[in-house]
Amino acid sequence: MKHLVLAGAGHAHLTALANLEEYRRQGHRVILVSPDAYHYYSGMGAGMLGGIYRPGEVRFHVRKLAEGGGATFLKDRVVRVSAGEKVLILESGARLAYDVVSFNVGSYVPTDIVGGSRENVFTVKPIAGLLLAQKAVREKIRDGVPKLVVVGGGPAGLELAGNLFRLVSECGGQAHITLVAGTGLLPSFPDKARLLALSSLRRRHVEILEHTTVTHIGNGAAHVENGDRIAYDIIFLASGVKPDPVFRDSGLPVGPDGGLLVNDYLQSVAFPEMFGGGDCISLQGQVLDHVGVHAVRQNRPLYRNTLAALGDGTMERFVPQKKYLLIFNLGDGTGIFVRKTWVWQGKFAWVLKDWIDRRFMRKFQISGERDDDGAAID
Ligand SMILES: Cc1cc2nc3c(=O)[nH]c(=O)nc-3n(C[C@H](O)[C@H](O)[C@H](O)COP(=O)(O)OP(=O)(O)OC[C@H]3O[C@@H](n4cnc5c(N)ncnc54)[C@H](O)[C@@H]3O)c2cc1C
């Protein structure tokens, strides 16, 4: 019997988790290590903050998924890899041996610019934290007209700002919403997407500060390069993500951003029994955007390749899509559709996004999630 450890239950491990019986049929034991019993789908995270979705609609009960398929679930976190010994060191101090390991531990928002108290500071990831943020916003609206500040001019910052407006309006309250966009709003997207996003937020009186970079957050204010301070009651960091540091900390070969360096088979360039997918990897010879689109397409190769590494079968290459579709949820019943240079905004873009996202959820929500709106973290 061989041991497969799935480290992290992110978007790229869902096919493996939904097909656990195949590993069992071939005589292998599977262990899932995850700090949380739920995995939240990031594509619907901003919509959950805005109140479009209930928690039960946007998350997978990965503990039930694992245990239902006969795997062992360990509520823990991988903090170190001893690749020579084929052992993972967990946050609890436990050591976990593997024959084959696959990592889908995702990315995090660095918070080094935050000094002092972290009260009322929320990062866009982990997505579950947006439920706590929603509660905090509701409370502030009850007490007055809060200043809500979003830091980050990428798609996540745009979606957060639009959906905060929606949340405030749905609660019948008022707020000053400011988006501090760094170099600019959607700087790496076509001009048309930028202009549509700017006008959508401005129509709703969201203040957008372009060419403004936050250098430090502390004492209820974001401090920017020119010395100005932007006071906040609640602040959101959507200022970019980095792969989990576990690989760099473990001395494994990593890409420029610290992601586990893998070949086309999503296999570590140094350890053939080690695989990875999603935001935590760097694909050798290519720069991949940190988008869920890639993580979702890595599901099948990770499933096939871990099976092959455990025994029989042939490995499958991961070929990233050169052109892929993104739709931004603006929180007002419209979306911005972007596929390379093809850009448009409208209700239909939102309907399409909602349909695509719900279809994805249905495929892996096979553990009764939609009837379960309990705590954010199980
Ligand atoms: C608001 C927002 C909206 C987005 N919208 C889109 C979109 O519409 N389309 C798109 O393509 N992309 C979108 N993205 C990007 C997308 O979120 C990421 O690319 C995607 O989350 C990557 O998936 P992942 O599974 O690699 O990581 P994650 O979603 O971060 O999942 C990682 C999992 O690993 C677990 N974990 C973390 N550390 C450890 C550890 N040390 N040990 C064990 N387990 C661990 C976590 O609990 C989590 O369950 C969006 C991002 C944000 C923030």
I'd like the full set of residues that are open to solvent by 40 Å² or more (accessible area, probe 1.4 Å), within 9 Å of the ligand (Cβ to nearest atom) and over 19 Å from the mean Cα position of the chain (by Cα), limited to the range 80-111. GLU91
Hey, could you check the range 127-150 for residues that are open to solvent by 10 Å² or more (accessible area, probe 1.4 Å), hydrophobic (A, V, I, L, M, F, W, C) and not in a helix (DSSP H, G or I) and say which is nearest to the ligand (Cβ to nearest atom)? ILE127
Would you confirm whether any residue within the range 216-239 is within 16 Å of the ligand (Cβ to nearest atom), under 16 Å from GLY154 (Cα atoms) and among the hydroxyl-bearing types (Ser, Thr, Tyr)? yes
All-but-one check, GLN174 against (1) closer than 24 Å to PRO126 by Cβ; (2) open to solvent by 10 Å² or more (accessible area, probe 1.4 Å); (3) of a type outside the set (Phe, Trp, Tyr), failing number (1)
Any residue in the range 4-15 that is within 14 Å of the ligand (Cβ to nearest atom) and more than 18 Å from the chain's Cα centre (by Cα)? yes
Report every pair of residues separated by at least 6 positions or lying on different chains whose Cβ atoms are under 9 Å apart, first residue within the range 159-182 and touching a residue at least 60 places away in the same chain (Cβ under 8 Å), second among the basic types (Lys, Arg) and within 16 Å of the ligand (Cβ to nearest atom). none
Flagged in the range 190-225 as open to solvent by less than 50 Å² (accessible area, probe 1.4 Å), out of contact with any helix residue (DSSP H, G or I) (no Cβ under 8 Å at 6 or more places or on another chain) and hydrophobic (A, V, I, L, M, F, W, C), in numbering order, are ALA193, LEU196, LEU198, LEU209, VAL214, ILE217, ALA221, ALA222, VAL224
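Can you work out which of the residues in the range 289-347 that are hydroxyl-bearing (Ser, Thr, Tyr) and open to solvent by less than 60 Å² (accessible area, probe 1.4 Å) is nearest to the ligand (Cβ to nearest atom)? Walk me through it before giving the result.
Of the residues in the range 289-347, the ones hydroxyl-bearing (Ser, Thr, Tyr) are 303, 306, 314, 324, 334, 341.
Of the ones still in play, those that are also open to solvent by less than 60 Å² (accessible area, probe 1.4 Å) are 303, 306, 324, 334.
Working: TYR303: 14, THR306: 16, TYR324: 7, THR334: 15 Å.
This residue is TYR324.
Sort through GLY162, GLY173, GLY157 and tell me the only one that's at pLDDT 95 or above and outside any helix (DSSP H, G or I). Walk me through how you get there before you give the answer.
Details: GLY162 fails: outside any helix (DSSP H, G or I); GLY157 fails: outside any helix (DSSP H, G or I).
Going through GLY162, GLY173, GLY157 in turn, just one is at pLDDT 95 or above and outside any helix (DSSP H, G or I): GLY173.
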Output for the range 23-54, where each listed residue is outside any loop (DSSP other than H, G, I, E, B), more than 7 Å from the ligand (Cβ to nearest atom) and either open to solvent by 40 Å² or more (accessible area, probe 1.4 Å) or modelled with pLDDT under 95 (or both): ARG24, ARG25, ARG29
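The values are calculated or read from the model by the stated rules, or taken from the named source; none is laboratory data. Only a predicted model underlies this, so the values are computations on that prediction, with no experimental measurement involved. FYI the Cβ positions are ideal-geometry reconstructions off the backbone, even for glycines, and counts take in every protein chain you see. SASA here: full protein model, heavy atoms, side chains in, ligands and nucleic acids out. Shrake-Rupley method; radii C 1.70, N 1.55, O 1.52, S 1.80 Å.
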